[in-house]
Amino acid sequence: MTIKELNLLSEKEAKVALSKCCGSSAWVSNMVASRPFMDEEDLKNKADENWNKCTGEDVMEAFDHHPKIGDLSKLKSKFESTAQWAEDEQKSVKRANDDTIIELSRRNLEYQKKFGYIFIVFASGKSASEMLDILKKRLNNNKKEEIVIAMAEQHKITISRLEKLLA
């Protein structure tokens, strides 16, 4: 899709397309209202602006639209509209050994219990072992530090998916 094509989509079609990039309905609505986009840079700038307008509830909604790292079984069912992108982002998990997968799952549960949401990381290009190391380190953060990091990781995912949308 091109920027021009994105600009010409109906409101409903644009919401569907942009919701593949970020699961926050407020972010999606704000992005649709931000059209027309002049170019890819303008699109990304508006994505930044609209992400910064999101409330805590909006952020949690975005987080809820991701499978847990390593939970590839959920990709095809719950996350059907973004399954291909998420699977590609987490492709290194498929190659991980069983011990790493089990540890990722265990630490994901620990993370969710501590922070109240799933572990969000920009997974593209990272091995399962790297993601596990990041997860272990981030478990040492307090809630205030961690939400800032998780929000930044979510936004990296959003920008990457916007690029995929335009590819």
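The values are calculated or read from the model by the stated rules, or taken from the named source; none is laboratory data. Predicted, not measured: the structure shown is a model, and the values here were computed from it. For neighbour counting, all protein chains shown are included, and Cβ atoms are generated from backbone atoms with ideal geometry for every residue, glycine included.
Going by the conditions given, is ILE120 out of contact with any helix residue (DSSP H, G or I) (no Cβ under 7 Å at 6 or more places or on another chain) and crowded, with 19+ Cβ neighbours inside 10 Å? Here the answer is no, as ILE120 does not meet what is asked.
Scanning the stretch 123-143 for residues that are over 14 Å from MET60 (Cα atoms) and surrounded by fewer than 17 Cβ atoms within 10 Å (Cβ to Cβ) gives SER124, GLY125, SER127, SER129, GLU130, ASP133, LYS136, LYS137, LEU139, ASN140, ASN141, ASN142. GLU41 fulfils the conditions (1) over 22 Å from VAL16 (Cβ atoms); (2) charged (D, E, K, R); (3) modelled with pLDDT under 95 except for a single criterion, (3).
Any residue at all in the stretch 96-110 that's within 17 Å of the chain's Cα centre (by Cα), in a helix (DSSP H, G or I) and at pLDDT below 95?
Just the residues of the stretch 96-110 that are within 17 Å of the chain's Cα centre (by Cα), to begin with: 108.
Retained after the next criterion (residues that are in a helix (DSSP H, G or I)): 108.
Right, trim to at pLDDT below 95 and you get 108.
Checked the stretch 96-110: at least one residue is within 17 Å of the chain's Cα centre (by Cα), in a helix (DSSP H, G or I) and at pLDDT below 95.
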